[in-house]
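The values are calculated or read from the model by the stated rules, or taken from the named source; none is laboratory data. Only a predicted model underlies this, so the values are computations on that prediction, with no experimental measurement involved. Neighbour counts run over all protein chains shown; Cβ positions are idealised from the backbone, glycine included.
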Protein chains: 2
Amino acid sequence: MTFVDGRHDRPIRTVRVGLADRGYDILIGEGLLARPDAFQGIAPGDAGALIVTNAIVGGLHAGHLIATLRHHHAAVEVLELPDGEAHKTIGTLDRIFETLLRLGADRRTVLYALGGGVIGDMTGFAAACFMRGVPFVQVPTTLLAQVDSSVGGKTGVNHPLGKNMIGAFHQPRRVVADLGTLATLPSRELVAGLAEVVKTGAVADAAFLDWIEAELPGLLRRDPDALEHAVARCCRIKAEIVRDDERESGRRAILNFGHTIGHAIEAGTGYGTWLHGEAVGCGMVLEAALSVQMGLLGDDQAGRLERIVGAASLPLRAPALGVDRYLQLMRHDKKSQAGRLRMVLLERLGQAAVYPIDDDAVAAVLRSAGVEA
Amino acid sequence: MTFVDGRHDRPIRTVRVGLADRGYDILIGEGLLARPDAFQGIAPGDAGALIVTNAIVGGLHAGHLIATLRHHHAAVEVLELPDGEAHKTIGTLDRIFETLLRLGADRRTVLYALGGGVIGDMTGFAAACFMRGVPFVQVPTTLLAQVDSSVGGKTGVNHPLGKNMIGAFHQPRRVVADLGTLATLPSRELVAGLAEVVKTGAVADAAFLDWIEAELPGLLRRDPDALEHAVARCCRIKAEIVRDDERESGRRAILNFGHTIGHAIEAGTGYGTWLHGEAVGCGMVLEAALSVQMGLLGDDQAGRLERIVGAASLPLRAPALGVDRYLQLMRHDKKSQAGRLRMVLLERLGQAAVYPIDDDAVAAVLRSAGVEA
């Protein structure tokens, strides 16, 4: 399939997620929301479409997407959900189900997730569960969603007792990343997205991390070429990891670097207080310190990672929740086994693996980071 | 694997559901809840177990299962949920999640569904979603669950606007059907289970339907040999259908015979007023009448099916919800496409298929069944 039409003859960059009958393309380019060719071939023409978004993103972008999807669907409806991580709950999910049932949706109805990670996670999970599974398409509009959360089929909601505890693996039929949407992104959101870009380099690709370090100024001022390269490279790395380990029984877990402590920060401060990317940035610095403490990583490399995270304008100082509260929250991490913590640690910049780890080691690192209340 | 131990040397009947890496055994026999060999090899010894049940079944059977599972699990906990279809909701599901998180469950924790279809559907769906998927085992204690709902991996909950609308395909690791639990089953529940036995014969196996017709008196007085044969034959037929069409893209849909109208009866009268099996019994009679109206089935065969359903003591008279309400409820059926009803119709006793069908035809059959309010 070549994605070229008469009016828009720029080719679209495509990254394939090779998962046999669940494989799909990630399309990356400027202005894709307005290009019918970016959404062709997803569903039969008489299938309905529901765009799930939030008020802010919907106001900016839903109009374009509705007009484009009318080329491919008999009916296109929109549901606006409240914005933010605090609303990524089972209760909000029920609003999607209710809307689908009231619209008379059937098994061929396609859900389009137009927004950031929260919208993508919830819409994907709703698609996984509605009538035991309907198709969905990720249309990420934040940097974080374009470089990470929209790819790979992890969907779900938070539980008051733990982040992303309830969910499903449900692959999208396509990911359409319109780089133009990044122009309207609030700076704080752009910076949060950079955390996942840095993470991708740190766990899997040292050369990419070098590039990130050099290009941070360009990324922060939203240079289009820099953003396109970052999105494409992250998607390519993630597609490869997901292809080899779709359900995270092995290597895919390295993509959770920074997330065990990051999730504890998000849950412990109340979902939405810290953005997910901010918590991951801070979590990476602490988990790198833990990698040093475990004798896996050189002090200089942890220092370099901390400088990159800081240069990205991400917060470096963890909230003072107290060591015990951190440990309690971290024990709910999905990597834990029989009550024992397991974390992604860096073996060098560009290489990571999962290690079991004692509470004492974590406590020592947290304490020296000054998290006691 | 042979399921024979020192004290209990009766062999256990085994039916295999052949689904490659998701394949599993259905074990059928008397007294299995007390036999450690029936539960061996499911999980590593340091994995936890949570038995999900209701107060009535838990009071009768949880003690045996706890004692048996202590042979295989480091810790065995029990959660009792409220009884009945009215509680098969997202809200009740959340109680399972909360319990798992409070217990510090991890990805290797095994959920055991001890009860009927409601417990099995909810526990299976909780297992599908908790941490994006943990193992579960079906331990069905009703005839309906042993012959039908515990096999095949359909899990889910009801929505006020439609039955089983939210769910997942998630196969159990094993099904352990202890025929001894049928001795304590209330008669109304036994009869409800017979509806799915009759359905299995009606859609897939005319010789089995002959046997059912002849053996109904034995089944109703709970003759152990008759019950064992019914459970084993139903499981074998369902295992074969599920093996060939796990996610119901084709033939598996025939197992929904009687269910389109049956679900409308359940939702329209308020979940729990009619038992699921009662509604399916009545639904089969009406859908057979529709099969006659469509010129697919002989009048005499529909009459014979009605006599069998009646002889099983199932209700034959559909509730007077009004034709419009029936049609409205039926349009939410998962087989509908683009607003058009699709239903399982009988081509002869022992053979069925899915047909698109006009509202007028359904309305005519409902009207002559006297459902106008």
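What is the residue count in region B:315-355 for residues that are β-branched (Val, Ile, Thr) and under 21 Å from B:ARG252 (Cβ atoms)?
From region B:315-355, those β-branched (Val, Ile, Thr) are B:323, B:344, B:354; that's our starting set.
Checking the rest, the ones that are also under 21 Å from B:ARG252 (Cβ atoms) come to B:344, B:354.
Qualifying residue count for the region: 2.
Output the residue which, of all residues in region A:1-23 that are surrounded by 15 or more Cβ atoms within 10 Å (Cβ to Cβ) and closer than 23 Å to A:THR184 by Cα, is modelled with the lowest pLDDT.
Applying the first criterion (surrounded by 15 or more Cβ atoms within 10 Å (Cβ to Cβ)) to region A:1-23 yields A:3, A:8, A:12-15, A:17, A:19.
Remaining after also requiring closer than 23 Å to A:THR184 by Cα: A:8, A:12-13.
Details: A:HIS8: 53, A:ILE12: 92, A:ARG13: 96.
Among residues in region A:1-23 that are surrounded by 15 or more Cβ atoms within 10 Å (Cβ to Cβ) and closer than 23 Å to A:THR184 by Cα, the one modelled with the lowest pLDDT is A:HIS8.
Output yes when any residue across region A:13-35 is under 19 Å from the mean Cα position of the chain (by Cα) and among the acidic types (Asp, Glu), and no when none is.
Taking every residue of region A:13-35 in turn, at least one turns out to be under 19 Å from the mean Cα position of the chain (by Cα) and among the acidic types (Asp, Glu).
Just checking, how many residues over region A:111-146 are out of contact with any helix residue (DSSP H, G or I) (no Cβ under 8 Å at 6 or more places or on another chain) and surrounded by fewer than 24 Cβ atoms within 10 Å (Cβ to Cβ)?
Within region A:111-146, residues that are out of contact with any helix residue (DSSP H, G or I) (no Cβ under 8 Å at 6 or more places or on another chain) and surrounded by fewer than 24 Cβ atoms within 10 Å (Cβ to Cβ) number 1.
Can you find a residue that is over 30 Å from B:GLY272 (Cβ atoms), away from every other protein chain (no Cβ under 14 Å) and either at pLDDT 95 or above or buried (at least 17 other Cβ atoms within 10 Å of the Cβ) (or both) anywhere in region B:41-50?
Start the filter on region B:41-50 by keeping residues that are over 30 Å from B:GLY272 (Cβ atoms), which leaves B:41-48.
From what is left, the residues that are away from every other protein chain (no Cβ under 14 Å) are B:41-42.
Add one more test, that the residue is either at pLDDT 95 or above or buried (at least 17 other Cβ atoms within 10 Å of the Cβ) (or both), and what stays is B:41-42.
The answer is yes, given that some residue of region B:41-50 is over 30 Å from B:GLY272 (Cβ atoms), away from every other protein chain (no Cβ under 14 Å) and either at pLDDT 95 or above or buried (at least 17 other Cβ atoms within 10 Å of the Cβ) (or both).
Here is a yes/no grid of residues against (1) without any contact (Cβ under 8 Å) to a residue 24 or more places away in the chain; (2) out of contact with any Lys or Arg (no Cβ under 8 Å at 6 or more places or on another chain); (3) more than 15 Å from A:ARG331 (Cα to Cα):
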| site | (1), (2), (3) |
| --- | --- |
| B:GLY84 | no, yes, yes |
| B:HIS87 | no, yes, yes |
| B:ARG95 | yes, yes, yes |
| B:LEU101 | yes, yes, no |
| B:LEU111 | no, yes, yes |
| B:VAL118 | no, no, yes |
| B:MET122 | no, no, yes |
| B:ALA126 | no, yes, yes |
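Output yes when any residue across region A:196-214 is among the acidic types (Asp, Glu) and free of Cβ contacts under 8 Å to residues at least 24 places away in the same chain, and no when none is.
Let us first name the residues in region A:196-214 that are among the acidic types (Asp, Glu), namely A:196, A:205, A:210, A:213.
Right, trim to free of Cβ contacts under 8 Å to residues at least 24 places away in the same chain and you get A:210.
Yes, region A:196-214 has at least one match.
Being within 14 Å of chain A (Cβ to nearest Cβ), of a type in the set (Gly, Ala, Ser) and either in contact with a His (Cβ under 8 Å, 6 or more places away or on another chain) or assigned to a strand (DSSP E or B) (or both) is the requirement here; does B:ALA192 meet it? Lay out the reasoning, then the answer.
Numbers: within 14 Å of chain A (Cβ to nearest Cβ): no; of a type in the set (Gly, Ala, Ser): yes; either in contact with a His (Cβ under 8 Å, 6 or more places away or on another chain) or assigned to a strand (DSSP E or B) (or both): yes.
Answer is no for this residue.
Can you pull out the residues in region B:11-60 that are basic (Lys, Arg) and either touching a helix residue (DSSP H, G or I) at 6+ places or on another chain (Cβ under 8 Å) or not assigned by TED's automatic domain parsing to the domain that holds B:LEU101 (or both)?
Start the filter on region B:11-60 by keeping residues that are basic (Lys, Arg), which leaves B:13, B:16, B:22, B:35.
Selection gives B:ARG13, B:ARG16, B:ARG35.
Could you check, for region A:139-161, whether at least one of its residues is part of a strand (DSSP E or B) and more than 13 Å from every other protein chain (Cβ to nearest Cβ)? If you could, list the steps in order and put the result at the bottom.
To start, the set of residues in region A:139-161 that are part of a strand (DSSP E or B) comprises A:139-140, A:154-159.
Pick out the ones that are also more than 13 Å from every other protein chain (Cβ to nearest Cβ) and you get A:139-140.
Within region A:139-161, one or more residues are part of a strand (DSSP E or B) and more than 13 Å from every other protein chain (Cβ to nearest Cβ).
Can you confirm whether B:ILE26 is crowded, with 17+ Cβ neighbours inside 10 Å and touching a Cys at 6+ places or on another chain (Cβ under 8 Å)? Don't jump to the end; show me each part of the working.
Details: crowded, with 17+ Cβ neighbours inside 10 Å: yes; touching a Cys at 6+ places or on another chain (Cβ under 8 Å): yes.
For B:ILE26, the condition - crowded, with 17+ Cβ neighbours inside 10 Å and touching a Cys at 6+ places or on another chain (Cβ under 8 Å) - is met.
Testing A:SER149 on (1) assigned by TED's automatic domain parsing to the domain that holds A:GLN40; (2) over 13 Å from the mean Cα position of the chain (by Cα); (3) surrounded by 18 or more Cβ atoms within 10 Å (Cβ to Cβ); (4) at pLDDT 95 or above, one condition comes back false. Which one is that?
Unmet condition: (2).
Can you run down the residue pairs with Cβ atoms below 7 Å, 6 or more apart or on separate chains, where the first is in region A:323-347 and at the interface with another protein chain (Cβ under 8 Å from one of its Cβ atoms) and the partner is of a type in the set (Asp, Glu) and crowded, with 19+ Cβ neighbours inside 10 Å?
A:SER336/B:ASP106; A:GLN337/B:ASP106; A:ALA338/B:ASP106
Output the residues belonging to region A:184-211 that are over 19 Å from A:ALA302 (Cβ atoms) and among the polar types (S, T, N, Q).
A:THR184, A:SER187
Residue check: is A:GLY58 more than 18 Å from A:GLY167 (Cβ to Cβ), in a helix (DSSP H, G or I), at pLDDT 95 or above and not aliphatic (A, V, I, L, M)? Outline the logic, then answer.
Details: more than 18 Å from A:GLY167 (Cβ to Cβ): yes; in a helix (DSSP H, G or I): yes; at pLDDT 95 or above: yes; not aliphatic (A, V, I, L, M): yes.
In short, yes.
Is it the case that region A:235-242 has a residue that's under 26 Å from B:ARG132 (Cβ atoms), more than 15 Å from the chain's Cα centre (by Cα) and free of Cβ contacts under 8 Å to residues at least 12 places away in the same chain? Talk me through it step by step, then tell me what you get.
So in region A:235-242, the residues under 26 Å from B:ARG132 (Cβ atoms) come out as A:235-242.
Now restrict to residues that are more than 15 Å from the chain's Cα centre (by Cα): A:240.
Still in the list and also free of Cβ contacts under 8 Å to residues at least 12 places away in the same chain: A:240.
Looking through region A:235-242, at least one residue is under 26 Å from B:ARG132 (Cβ atoms), more than 15 Å from the chain's Cα centre (by Cα) and free of Cβ contacts under 8 Å to residues at least 12 places away in the same chain.
Mind counting the residues in region A:72-120 that are at positive phi, more than 10 Å from chain B (Cβ to nearest Cβ) and part of a loop (DSSP other than H, G, I, E, B)? Outline the logic, then answer.
Narrowing region A:72-120 to residues at positive phi: A:84, A:104, A:115.
Right, trim to more than 10 Å from chain B (Cβ to nearest Cβ) and you get A:84, A:115.
From what's left, part of a loop (DSSP other than H, G, I, E, B): A:84.
Adding up the residues that qualify gives 1.
Hey, can you tell me all the residues within region B:125-138 that are over 15 Å from B:VAL176 (Cβ atoms), assigned to a loop (DSSP other than H, G, I, E, B) and more than 9 Å from chain A (Cβ to nearest Cβ)?
First, the residues of region B:125-138 that are over 15 Å from B:VAL176 (Cβ atoms): B:125-134.
Add one more test, that the residue is assigned to a loop (DSSP other than H, G, I, E, B), and what stays is B:131-134.
Hit for region B:125-138 is B:VAL134, nothing else.
Go through region A:226-252 residue by residue and tally those that are in a helix (DSSP H, G or I) and either closer than 12 Å to A:GLY152 by Cβ or within 14 Å of chain B (Cβ to nearest Cβ) (or both). I'd like the intermediate steps shown before the answer.
Initially, region A:226-252 is screened for residues in a helix (DSSP H, G or I), giving A:226-244, A:251-252.
Cutting the leftovers down to either closer than 12 Å to A:GLY152 by Cβ or within 14 Å of chain B (Cβ to nearest Cβ) (or both) gives us A:234-235, A:237-244, A:252.
The qualifying residues number 11.
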